[in-house]
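Have a look at the structure below, then the notes.
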Amino acid sequence: MSDGTALAGSDGALRCPWALSTPDYVTYHDEEWGRPVHGDDALFERLSLEAFQSGLSWITILRRRPGFRTAFADFKIASVAAFTDEDRERLLADPGIIRNRAKIDATLANARALADWAPGDLDELIWSHAPDPAVHVVPKTLADVPAITSESTALSKALKKRGLRFVGPTTAYALMQACGLVNDHLETCVSR
């Protein structure tokens, strides 16, 4: 059992303990999580997937990501914004994604809202909420990693104010972690 500090993987490298349960997690941890993501479509994908993850384990979403990308036209905002009622019904019947009506409806509504934004606005809004790295606490254990911060609460409010749904403070913080706005790799983690 881990005390929440970084653990050695099969290659001997220390990693955040959550990353060691499956090879999928190791790859995601080492190559994606905490790395800066820019671009409206890329951030729309991450925001949508974080919303779908709510109440589920991330591995469920990670393993279905190819299905999500196919179902949601690679998360191209303009394409998803043009989805019809028939597309919605197709999504609700698609076993390759999470068939949650509220989350599907939120993703479609978010795409429609974002389609009216100027190019780069989503990227600018999200990244404007990145905390100063000089004051962000470097976590030593998993217990040091928050679920919500003042910045994620502010980001959530800003996204909701602009018409986005399913973007609570916890989802916003998970997005911040996944997209590199914060570096929550543990102090001794190889990916830090």
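Quick note: the coordinates plus some simple rules give every number you see, no bench work behind them. As the structure is a computational prediction, the values presented were derived from the model and not from experiment. No Cβ is skipped: glycine too gets one built from the backbone with ideal geometry, and neighbour counts run over all protein chains shown.
Results, tabulated for the structure shown:
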item: Label-point separation, residue 117 to residue 82 (7 Å along Cα→Cβ), nm; result: 2.0
item: Cα gyration tensor shape for segment 23-105, rounded if a/c is under 1.5, else prolate or oblate; result: oblate
item: Dipole magnitude of the chain about its Cα centre (Cβ charges: Lys, Arg +1; Asp, Glu -1), debye to nearest 20; result: 500
item: Per-peptide average of other Cβ atoms within 10 Å, ordering 146-153, 114-121 highest first; result: 146-153, 114-121
item: Environment charge of residue 136, counting only residues whose C-beta is closer than 13 Å and scoring Lys/Arg +1, Asp/Glu -1; result: -4
item: C-alpha long axis of helix 58-71 to longest principal axis of the chain, angle in °; result: 30
item: Equivalent ellipsoid, the chain (semi-axes from 5 times Cα gyration tensor eigenvalues, Å); result: 29, 20, 13
item: Mean Cβ neighbour count within 10 Å, used as a protection proxy, ranking 29-35, 15-21 highest first; result: 15-21, 29-35
